[in-house]
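Read through the structure below, which is laid out as structure tokens, and then see the notes.
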């Protein structure tokens with residue numbers, strides 16, 4: 001598939017799935033999920049849907065709830081996006097934000113140490 005068209009589908013899936021979660025899902029564990037990215041395979045058979053949650057303790061229960069609701073969400077997506085074949089949805093926790101925060105904390109710590117060393121000289 002054309003990479004530009006695939007990227008457009010990825011962005012559209014993020015928007016539509018976010019909408020579905022906010023407006024049509026009754027499960028409280030799922031309603032406050034943020035969809036961060038979608039990666040659809042070239043043959044449109046699978047879509048990895050990356051998500052985050054505010055409460056880190058609910059990652060596992062949220063993942064289970066999302067995967068239980070995947071077929072319902074897929075059906076709603078197929079109603080809202082005109083696509084030849086709606087891919088199967090596979091939800092994955094997006095740890096990139098936590099990783100970014102970890103790197104930022106390390107950089108801050110190194111910066112603090114550098115500033116202390118400069119003050120002592």
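Summary of values
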read-out: Residue in region 86-106 that is surrounded by the fewest Cβ atoms within 10 Å (Cβ to Cβ), counting only those that are part of a strand (DSSP E or B) and in contact with a helix residue (DSSP H, G or I) (Cβ under 6 Å, 6 or more places away or on another chain); value: 93
read-out: Test: residue in region 70-77 that is surrounded by 14 or more Cβ atoms within 10 Å (Cβ to Cβ), modelled with pLDDT of 90 or more, out of contact with any strand residue (DSSP E or B) (no Cβ under 7 Å at 6 or more places or on another chain) and part of a helix (DSSP H, G or I); value: yes
read-out: Region 26-68, residues that are touching a residue at least 40 places away in the same chain (Cβ under 8 Å), under 12 Å from residue 88 (Cα atoms) and either part of a strand (DSSP E or B) or in contact with a helix residue (DSSP H, G or I) (Cβ under 7 Å, 6 or more places away or on another chain) (or both); value: 40, 46, 47, 48, 49
read-out: Any hit, region 4-17, residues being within 24 Å of residue 100 (Cα to Cα), in a helix (DSSP H, G or I) and more than 14 Å from the chain's Cα centre (by Cα); value: yes
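The values are calculated or read from the model by the stated rules, or taken from the named source; none is laboratory data. Predicted model, so just to flag it, every value in this text is computed and none were measured. Please note: Cβ atoms are built from the backbone with ideal geometry, for glycine as well, and neighbour counts cover all protein chains shown.
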